[in-house]
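The values are calculated or read from the model by the stated rules, or taken from the named source; none is laboratory data. Remember, predicted model here, so these are calculated numbers, not experimental data. Don't worry about glycine lacking a Cβ; one is built from the backbone with ideal geometry, like all the others, and counts go over all protein chains shown. What goes into the accessible areas is simple: the full protein's heavy atoms, side chains included, and nothing from ligands, DNA or RNA. Shrake-Rupley method; radii C 1.70, N 1.55, O 1.52, S 1.80 Å.
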Amino acid sequence: MKQITYIILAAMLLLCGGFGYERLMADRDTDMNRKGELSDIAESVTAIPLKPINGKSLTDAHDIQKDGNDLFLICQGILYRFNRQGELVCQITQPEEIKVAGYLVHSLKKQLIVLGNVDDIYYYTFDGELLFKKKLRKDFNEEQLLSAVLYKGKIYTAERVIEKDTLHRTCVKQQVQVYDTCFQPLESHPIVEVSLTHPVLFPNLQSVRLCVSPDSGEMYAYSAPYQPEHLLRDSLFIHQTGGKEDIEEGEIPLFPVCMGSRYWMAANQDAEKTEQRYLFCWDRFENQAWQLNEGFTDDFFQTGSVAKLEPMDLYGQTYSFTKFGKSLETSFPEAADSTVVFIVEMKA
């Protein structure tokens, strides 16, 4: 009899909790916008037309990072250094030596740590001088390394690890591995999904980025889900509760949004089907949100829709996007055959 009473009480508590949560969500009264302009979220946008290299234009610039007056980017597996005026300073890597998968900018040492060729690591000066190279480790392959960042003098990587459990069954887990700048392993931490308002049946584990909370300075992992229907509720829930009740010390939480000081964003623009692509943004100061299939409209330079904003820092404050071709004819007629890099500074 007591057991039945406890079950009834537990059910009532869960029911009341559900009503309380729904009321919390309703009380927020968040506006959901299906259209938006870039000026809704951006304080400023800087345009940098890239000058052709030996008469040939770059058409696929990505992984853009800046350091002072320097602008680094990858195009067709090659790492380049430009200045902020769009002039080529030097080509850092040579395609016959390494196909670049990613890189880290070590500002203090004026060095570039370049990853590629499955498990090779090359160290260059900003002028493109190769300092040395090494292998990461024998059992490493390209699919296991999800992302890498340099933070407080250490390298943090999000990695997928395949292991055997006690019953010799194959299991896949994700972890953050910490290295020194010479890629000597120091420690590791498991990546753990946070509790959300719904079961995550198919989390997007193919794209995991490491970020740092601007409020707490703590590291977390971000992976945008395949579908955006729960992102607003999840954002409100995480903002209200902190979202880390089940996260133990030493674990790295996995969130579905990249959490800037004001704007929380998620994007899945690499989906095969056009209708599954989206850009989500929530303004936690003004409490309004955008869920856009085509992205924000560029009302700074009139280049059309901006569907893909790439983070340029760990804190979600600076983003970039690129444009090439017809979209530049209005504002950049002289650069219609070149790529223009746009640096977006978010509103504070």
Subject >> Long-range tail of P(r) for region 66-203 (Cα pairs > 18 Å, %) >> reply: 61
Original post:
In whole percent, how big is the carbon plus sulfur part of the accessible area of region 50-128, probe 1.4 Å, protein atoms only?
Top reply: 44
**OP:** Enumerate the residues in region 91-127 having an amide nitrogen under 20 Å from the point lying 7 Å beyond the Cα of Asn69 toward its Cβ.
**Re:** 91-92, 106-112, 125-127
Original post:
Where both partners of a DSSP beta bridge lie in region 189-348, what percent of those bridges are antiparallel, to the nearest 5?
Top reply: 85
Original post:
For region 300-348, what's the relative contact order in percent, using C-alpha pairs closer than 8 Å and at least 6 residues apart?
Top reply: 35
**OP:** Let me know the shape class of the chain, please: from the alpha-carbon gyration tensor, a ≥ b ≥ c as square roots of the eigenvalues, rounded when a/c is under 1.5, otherwise prolate if a/b is greater than b/c, or oblate.
**Re:** oblate
Original post:
Could you give the nm distance between label points at Asp60 and Thr181, where each point is 7 Å from its Cα heading toward the beta carbon?
Top reply: 3.2
**OP:** Binning at 10 Å from 0, report for region 174-269 what percent of all alpha-carbon pair distances ends up in each bin.
**Re:** 15, 50, 28, 7, 0
Original post:
Add -39500 (n - 2.57) for each DSSP H run of 4 or more in the chain, then divide by its residues: what number comes out at 222 nm, to the nearest 500 deg cm²/dmol?
Top reply: -3500 deg cm²/dmol
Original post:
Which pairs in the list Lys99/Lys134; Lys66/Lys173; Lys110/Lys134 are over 24 Å apart, alpha-carbon to alpha-carbon?
Top reply: Lys66/Lys173
Original post:
Which FRET efficiency value, to the nearest 0.05, do you get for Leu131 and Asp29 by plugging their Cβ-Cβ distance into 1/(1 + (r/R0)^6) with R0 = 41 Å?
Top reply: 0.15
Original post:
If you take every DSSP beta bridge whose two residues both sit in the chain, what share of them, in percent to the nearest 5, is antiparallel?
Top reply: 90
Original post:
To the nearest 20 debye, what is the magnitude of the charge dipole of the chain about its Cα centre, counting +1 on the Cβ of each Lys and Arg and -1 on the Cβ of each Asp and Glu?
Top reply: 480
Subject >> FRET efficiency for Ser44 and Arg169, using Cβ-Cβ distance with R0 set to 51 Å, rounded to 0.05 >> reply: 0.45
Subject >> For region 211-322, convex hull of alpha carbons as volume per residue, Å³ >> reply: 114
Original post:
Along region 116-121, what does the Karplus equation 6.51 cos²θ - 1.76 cosθ + 1.60 (θ = phi - 60°) give for ³J(HN,Hα), rounded to whole Hz, x for Gly and Pro?
Top reply: x, 6, 6, 9, 8, 10
Subject >> 29 Å Cα-Cα reach of Lys35 towards lysines, excluding residues that sit fewer than 8 places from it in its own chain >> reply: Lys273, Lys308, Lys323, Lys326, Lys347
